[in-house]
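The values are calculated or read from the model by the stated rules, or taken from the named source; none is laboratory data. The shown structure was predicted, so the numbers you read here are calculated from the model rather than taken from an experiment. Cβ placement follows ideal geometry from the backbone for every residue including glycine, while neighbour counts extend to all protein chains displayed.
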Amino acid sequence: MATDPAQAQAAPAIILVSPQLGENIGAAARAMLNCGLTDLRLVAPRDGWPNPAADRASVGALDLMPPVRVFDQLGEAIADLTMVYATTARDRQMVKPIVTARQAALESRVHLAVGGKVGFVFGPERTGLLSDDVSLANKLITVPLNPAFTSLNLGQAVLLIGYEWFQSGNETPASQLPMNGTLPATQAELQNFFAHLERELDACGFLRNLEARPHMIRNLRAMWQRAELTEQEVRTLHGMVKELTTLRAPRRRQ
């Protein structure tokens, strides 16, 4: 089932100018849908539209998006937009603001939130956008990459811009620890384990150096604290220490 076209209005449009290969169009569509973008517009695609190669390369993405719109000129493709970003890696000698993809994504969310419509324009695989096309944009996007090699294919370029768009509204924690049904160990549980371990380390002679003992204990406690142990892990460690103690007992009697 295709996505409701009304949903596409809440996110930027992707405009591909004179794309040459259907495979690249399909790869761009796949990248778009990965990042929650569904409004794909083509300007004078070289091999026409529809394109079976694009369908195959999209891995089903085109089936889940509103119908692709095709235009003869870039001006027609962006006519309904109120903010247009042109992607380019070259200095165009034009007085236009140049922003990173991340900044463009943040600006786009603000612009869309007040009822605007945003589009990102990409040029042909071989040449990039013509200066006449760039002149129609409000702002330029240049991605900081290795200055000795900035070449991206069309799908990569769309994914890069789309990813920044998606991340600008994504609230996934930067770091998380799935607990899988258990809970973090409490300090009381940790202290109980420390006492158990230290008793057994004393019993086996590991902490026999009285001068070094306090420092060794502090290091051991710091190590276990860094591990962010769960309740289950602490129980497992108690069992492990107990088993080691049980195995050691017969040797003491020899």
Exercise for the section: Kindly check whether there is at least one residue in the range 232-244 that is part of a loop (DSSP other than H, G, I, E, B) and of a type outside the set (Ser, Thr, Tyr). Expected result: no
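In a loop (DSSP other than H, G, I, E, B) and closer than 30 Å to ASP72 by Cβ, is that true of ALA137?
Values: in a loop (DSSP other than H, G, I, E, B): yes; closer than 30 Å to ASP72 by Cβ: yes.
So ALA137 passes the test.
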Problem - Candidate set: the range 106-130, residues that are in contact with a Lys or Arg (Cβ under 9 Å, 6 or more places away or on another chain) and either modelled with pLDDT under 95 or assigned to a loop (DSSP other than H, G, I, E, B) (or both); chosen: the one surrounded by the fewest Cβ atoms within 10 Å (Cβ to Cβ) - result: GLY128
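Within the range 64-86, is even one residue hydroxyl-bearing (Ser, Thr, Tyr) and under 21 Å from ALA157 (Cβ atoms)? Write out each step before concluding.
Here is the first cut: in the range 64-86, the residues hydroxyl-bearing (Ser, Thr, Tyr) are 82, 85.
Now narrow it down to the ones that are under 21 Å from ALA157 (Cβ atoms): 85.
Checked the range 64-86: at least one residue is hydroxyl-bearing (Ser, Thr, Tyr) and under 21 Å from ALA157 (Cβ atoms).
Does at least one position in the range 131-139 carry a residue that is assigned by TED's automatic domain parsing to the domain that holds GLY26, touching a residue at least 24 places away in the same chain (Cβ under 8 Å), surrounded by fewer than 18 Cβ atoms within 10 Å (Cβ to Cβ) and touching a Phe, Trp or Tyr at 6+ places or on another chain (Cβ under 8 Å)? Can you show your working first?
Restricting attention to the range 131-139, the residues satisfying the condition of being assigned by TED's automatic domain parsing to the domain that holds GLY26 are 131-139.
Then drop every residue that is not touching a residue at least 24 places away in the same chain (Cβ under 8 Å), which leaves 131, 133-139.
Among the residues that remain, those that are also surrounded by fewer than 18 Cβ atoms within 10 Å (Cβ to Cβ) are: 131, 135-136, 138-139.
Going one step further and asking which of them are touching a Phe, Trp or Tyr at 6+ places or on another chain (Cβ under 8 Å), we end up with 138-139.
The answer is yes, given that some residue of the range 131-139 is assigned by TED's automatic domain parsing to the domain that holds GLY26, touching a residue at least 24 places away in the same chain (Cβ under 8 Å), surrounded by fewer than 18 Cβ atoms within 10 Å (Cβ to Cβ) and touching a Phe, Trp or Tyr at 6+ places or on another chain (Cβ under 8 Å).
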